[in-house]
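Working notes for the structure below.
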Amino acid sequence: MEHLRSGDLTIEVTATPERAYQCLWRGKSNERNPAEVLKPWFDRLLAAAQADGGSIEMHFEKIEHFNSSTITALIKQIQICRKAGVRLVMVYDQNLKWQRLSFDALRVFEKNDDLFHLRSV
C-alpha cells in the first residue's frame, strides 16, 4: 500500500505482521474537499485490508490540524469499513484538546460489533 502525499498532508502506511495497516497522519489536512484525494486512497487501503483479511489503524497523534471536511471523510470511511466488515481503529492524542473534541464526537459510531474503535494515547 502506498503512502499518501497531498498538499500539507502525509499519510505513511506500514503493514504489520498481524495484518494491520497502520496509517500515520502527519502535517495538516486543510483542503477544501479532502475526500477528492482521500476517497480513492481509502478505497485502495480497504481493498488491501480485505484481501489480507486484515484491519486498519489510523494514527492521528502527529497530525497538526484537520478541518471539518476531513471529519466528514473519516465518518464516511467508518461507514464503508463497517459495511465491508473490516475493523477500523482510530488513535488520537487525548492531551490535545482539538483532537479530544473531534474524536469524542465520533464515539457515536462505536457499536458492539468491534468494527470501529477509538483509542486515546
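Read-outs: derived from the displayed coordinates by stated rules, not from any lab. None of these values were measured; they are calculated from a predicted model. Counting neighbours? That spans all protein chains shown, and the Cβs are built from the backbone with ideal geometry, glycine included.
Applying a 10 Å radius around every beta-carbon, put 80-88, 13-21 in order of their mean neighbour count, most first. Present the calculation step by step, with values, prior to reporting the outcome.
Details: 80-88: 16.0, 13-21: 13.1.
Taking the mean over residues of other Cβ atoms within 10 Å, the ranking is 80-88, 13-21.
The list (i) 38, 30, 26; (ii) 80, 32, 22; (iii) 33, 30, 24 gives values of Cα extents along the principal axes in Å, and only one came from this structure; which label was calculated from it?
(iii)
Find the lysine pairs in segment 4-120 meeting two conditions, Cα atoms under 25 Å apart and a separation of 8 or more places or different chains, and report how many there are.
Number of lysine pairs found: 14.
Relative to the Cα centre, what is the charge dipole magnitude of the chain, using +1 at the beta carbon of each Lys and Arg, -1 at the beta carbon of each Asp and Glu, and rounding to the nearest 20 debye?
Values: 17 positive and 16 negative charges, 53 e Å.
Result for the chain is approximately 260 debye, rounded to the nearest 20.
Could you work out the local net charge near Thr16, counting Lys and Arg as +1, Asp and Glu as -1, over the other residues with Cβ closer than 14 Å to its Cβ? Walk me through the intermediate numbers first.
Values: positive: Arg19, Arg87; negative: Glu12, Glu18, Asp52, Glu57.
Here the count lands on -2.
Under a crude label model (7 Å from the Cα following the beta-carbon direction), how far is Glu18 from Gln50 in nanometres?
Rounded to a tenth, the inter-label distance reads 2.4 nm.
How high is the relative contact order of segment 4-120, in percent, with contacts defined as C-alpha pairs under 8 Å that are six or more residues apart?
Answer for segment 4-120 is 23 percent.
Please give the calculated 222 nm ellipticity per residue for the chain, where each DSSP H segment of at least 4 residues contributes -39500 (n - 2.57) and the sum is spread over every residue; nearest 500 deg cm²/dmol? It would help to have the intermediate numbers written out before the result.
On the way: 3 runs with 43 residues, N = 121.
Helices in the chain give a 222 nm mean residue ellipticity of -11500 deg cm²/dmol.
Roughly how many nanometres apart are two label points built 7 Å out from the Cα toward the Cβ at Ser120 and Arg107?
That separation, rounded to one decimal, is 0.8 nm.
How much of the DSSP beta bridge set in the chain is antiparallel, as a percent to the nearest 5? It would help to have the intermediate numbers written out before the result.
On the way: 10 of 27 bridges.
Of the beta bridges lying entirely in the chain, close to 35 percent run antiparallel.
Can you pull the one-decimal nm distance between simple spin-label points at Glu61 and Ile75, each 7 Å off the Cα toward Cβ?
2.8 nm
Taking the Cβ of each residue in Val89, Val121 as the centre, tally the other Cβ atoms inside 10 Å and list the residues starting with the fewest.
Working: Val89 17, Val121 10.
Fewest to most other Cβ atoms nearby, the residues stand as Val121, Val89.
Would you mind counting up the charge near Arg107? Only other residues with Cβ under 14 Å from its Cβ, with Lys and Arg at +1 and Asp and Glu at -1. Display every interim value, and only then the final one.
Working: positive: Arg100, Lys111, Arg119; negative: Asp104, Glu110.
Taking every other residue near Arg107 into account, the sum is +1.
Just report the Cα centroid separation between segment 1-38 and segment 92-120, whole Å.
18 Å
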